[in-house]
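Student: Below is a structure I'd like to ask you about.
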Amino acid sequence: MRGLVSCLRGNRIVTAKYVTKILLALCLAEGNRRVAVEAGAARAVVETAAGLENSAVERALAALELMCTTAEGAAEVRAHAMTVPAMVAVMARLAGRGREYAISILAVVYGRGGAFSGEEITVAPAEEVARAVALALEGECTARGRRKGAHLLKTLEEYGRLDLSQNGT
């Protein structure tokens, strides 16, 4: 796993294609998710996502979403200062499943146990995130991505960080 993380951080386009395939395949097995987080894979995906080609970033985000199903993975993603800006950037350039995965990861940051739980984390202003999610939902997005996006917007509003009635969104 450490070797995969090292290759991913090497940021070579050809290598990233294969590394993300292997990382996703390994993360499909529940026991490997914690191992991936401990090896630094969650951090590496967040740090390299913006520079990966579309298919590689989609697979990397799918693996990151799976890593976020562990408490350690979710905490790692919430604690990383680049998570929100990276996911917003990725949502702007991807469509379909890529947007879905980015929205899911933002939901980890802002959802239950996230930015509103009292944890000391640094996140982007809710308005910026809501604007990015709303734009993503206007474009090509999967049905699951739309549901997650709508839920994320509702969560932001429920916690008083966003007033959707004023924005007309």
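Student: For segment 89-98, which residues satisfy the criterion of being in a helix (DSSP H, G or I) and open to solvent by less than 30 Å² (accessible area, probe 1.4 Å)?
Tutor: V90, M91, G98 - these are the residues of segment 89-98 that are in a helix (DSSP H, G or I) and open to solvent by less than 30 Å² (accessible area, probe 1.4 Å).
Student: Being more than 22 Å from P85 (Cα to Cα) and surrounded by fewer than 23 Cβ atoms within 10 Å (Cβ to Cβ) is the requirement here; does C7 meet it?
Tutor: Answer is yes for this residue.
Student: Would you confirm whether any residue within segment 59-75 is more than 17 Å from the chain's Cα centre (by Cα) and open to solvent by less than 50 Å² (accessible area, probe 1.4 Å)?
Tutor: no
Student: If you don't mind, another one. Give the residue, chosen from V109, V129, V123, that is part of a loop (DSSP other than H, G, I, E, B) and at pLDDT below 90.
Tutor: Only one candidate passes the filter, namely V123.
Student: Which residues, taken from segment 76-88, are assigned to a helix (DSSP H, G or I) and more than 11 Å from the chain's Cα centre (by Cα)? Write out each step before concluding.
Tutor: Narrowing segment 76-88 to residues assigned to a helix (DSSP H, G or I): 76-79, 83-88.
Answer for segment 76-88, where residues must be assigned to a helix (DSSP H, G or I) and more than 11 Å from the chain's Cα centre (by Cα): E76, A79.
Student: Here is a follow-up. Using the structure shown, decide if E72 is of a type in the set (D, E) and in contact with an Asp or Glu (Cβ under 8 Å, 6 or more places away or on another chain).
Tutor: Criteria met by E72.
The values are calculated or read from the model by the stated rules, or taken from the named source; none is laboratory data. Quick caveat: nothing in here was measured; it's all calculated off a predicted structure. Reconstructed Cβ throughout: ideal geometry from the backbone, glycine too, with neighbour counts over all protein chains shown. Each accessible area value is taken on the protein alone, full model and side chains, heavy atoms only, with ligands, DNA and RNA left out. Shrake-Rupley method; radii C 1.70, N 1.55, O 1.52, S 1.80 Å.
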